[in-house]
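Asks: Just passing along the structure, written as structure tokens.
No value in this document is a laboratory result; all are computed from the given coordinates. What you see is a predicted model, and the numbers here were worked out from it, not measured in a lab. FYI the Cβ positions are ideal-geometry reconstructions off the backbone, even for glycines, and counts take in every protein chain you see.
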Amino acid sequence: MTSTDNAVRRGTVHTRVADGIGWIVFDNPSRRNALSVDMMDAIATALGAFDDDPTVAVVVLRGAGMEAFAAGADISEFAEQQASHEAQRRFDETAGAVFERLREMQTPSIAMISGYCLGGGLAIALGADIRIAARGSSYAIPAARLGIGYPLANTEALVQIVGPAQAAEILFSARRLDSAEALSAGLVNRVVSPADLEHAVTELAGSIAANAPLTIRSAKASIRASRHPGEAHLKDRAEQGIQTCKRSDDIREGQRAFMEKRAPQFTGK
Ligand code: COA
């Protein structure tokens, strides 16, 4: 392969905003949307930008095409990363920044999964608040096949979502689960036909975007606090969110709209 071929195959990340939905698309189809360090950097940047953008009510992460959400980190970069501390540090920091953004952002997120959802791809999907998947997708954490020590924060997320016994099977065996197994393990919220996937996700995202943003932020903060019961600052943040709703214009608008039998027009204030 020439260096030009390799550059072309490094992939890219597209973003767009439509109807309150911020789309983040991993685009590296010739490598099954494997994520290079530059792509992970772009994902972290896009998540931050969407979280700061008042026109974005919900973020959807997806792969380009239907063949893969993402086949994990780009293994073709591993040799270079392992050859230098600097490159290894950049990989760890960049991947860490994606997961931190997903954890910290106030905007809700949905992973739209079609096809291979492996390794770092599955970790990103697990970092989203909601996972909607197409039938025929497959899920695995191949770290044990590659000799990788899977990051603690990602293992914690997996254990919280599927429990320790399912996490053990997924991590120890590195086996690929199909969508039916992923659904019964709690790895995904819902499985739909590939033809219905984009519509199902857009409809869900649209219904979230039409709801009261402060309520959603507060629910997000409460869910996070529930996942980390020992962390007092998360509990405080969740309580503040609930109080903010009580003082909001939107709580009055929600009640007025109900009484007037019309759809509410929320402003997030
Ligand atoms: N990093 C870099 N390249 C990858 C990749 C990854 N994570 N996953 C797939 N590719 C590349 C393959 O090397 C292949 O490149 P080539 O055309 O130069 O041979 C191309 O994508 C297509 O993959 P291929 O294996 O031929 O397709 P497939 O449909 O038979 O299988 C997968 C797809 C995803 C099951 C398989 O490629 C795979 O197991 N990938 C590795 C997944 C993994 O271990 N991810 C965790 C990384 S931490």
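Asks: If I stretch the segment between Ser207 and Leu152 completely, what's the gain in nm (0.36 nm per residue apart, minus their alpha carbon distance), one decimal?
Replies: Answer, rounded to one decimal: 16.4 nm.
Asks: Measuring from label point to label point, each 7 Å out along Cα→Cβ, what is the Met66 to Lys261 span in nm?
Replies: Roughly 4.2 nm, to one decimal.
Asks: Something else now. For the range 4-209, what is the percent of antiparallel DSSP beta bridges, rounded to the nearest 5? Working shown, then result.
Replies: Values: 9 of 32 bridges.
Around 30 percent antiparallel, to the nearest 5.
Asks: Report, ordered by chain and residue number, the lysines lying within cross-link reach of Lys220, taken as a straight Cα distance under 26 Å and ignoring same-chain residues fewer than 8 apart.
Replies: Cross-link targets: Lys235, Lys246, Lys269.
Asks: If you filter the range 107-166 for trypsin sites (Lys or Arg not before Pro), then keep DSSP loop positions with at most 16 other Cβ within 10 Å, what is left? Provide the component values of the computation, followed by the final result.
Replies: On the way: sites: Arg131, Arg135, Arg145; in loops: Arg135.
Loop-located and lightly packed - Arg135.
Asks: A further question follows. Per residue of the range 28-39, in order, report the coupling 6.51 cos²θ - 1.76 cosθ + 1.60 (Karplus, θ = phi - 60°) as ³J(HN,Hα) in whole Hz, putting x for Gly and Pro.
Replies: 8, x, 5, 10, 6, 6, 4, 9, 6, 4, 4, 5
Asks: Compute the long axis of helix 249-259 from its Cα atoms, compare it with the longest principal axis of the Cα atoms of the chain, and write down the angle in degrees, 0 to 90, nearest 10.
Replies: 70 degrees
Asks: Taking amide H atoms as placed 1.01 Å from N in the peptide plane, list the residues 5 or more away in sequence, or in a different chain, whose amide H sits under 5 Å from that of Ala34.
Replies: Close amide H contacts, sequence-distant or interchain: Ala71.
Asks: Classify the range 4-209 from the C-alpha gyration tensor, please: rounded if a/c falls under 1.5, else prolate or oblate depending on whether a/b exceeds b/c. Working shown, then result.
Replies: Details: a/c = 1.45, a/b = 1.13, b/c = 1.28.
It comes out rounded by the Cα gyration axes.
Asks: Which length gain, in nm to one decimal place, applies between Glu239 and Ala165 when the Cα-Cα distance is subtracted from 0.36 nm times their residue separation? Walk me through the numbers before you get to the answer.
Replies: Working: separation 74, 0.36 × 74 = 26.64 nm, distance 3.24 nm.
Computed gain between Glu239 and Ala165 is 23.4 nm.
Asks: Show which lysines lie in cross-link reach of Lys261 when reach means a straight Cα distance below 21 angstrom and same-chain residues fewer than eight apart are skipped.
Replies: none
Asks: Counting only helical runs of four or more DSSP H residues, what would the 222 nm mean residue ellipticity of the chain come to if each run contributes -39,500 (n - 2.57) and the total is spread over all its residues? Working shown, then result.
Replies: Values: 13 runs with 143 residues, N = 269.
For the chain, the value works out to -16000 deg cm²/dmol.
Asks: So who's got an amide H within less than 5 Å of the one on Val60, skipping anything under 5 residues away but keeping other chains? H placed 1.01 Å off N, in plane.
Replies: Gly22, Trp23, Ile24, Ile110
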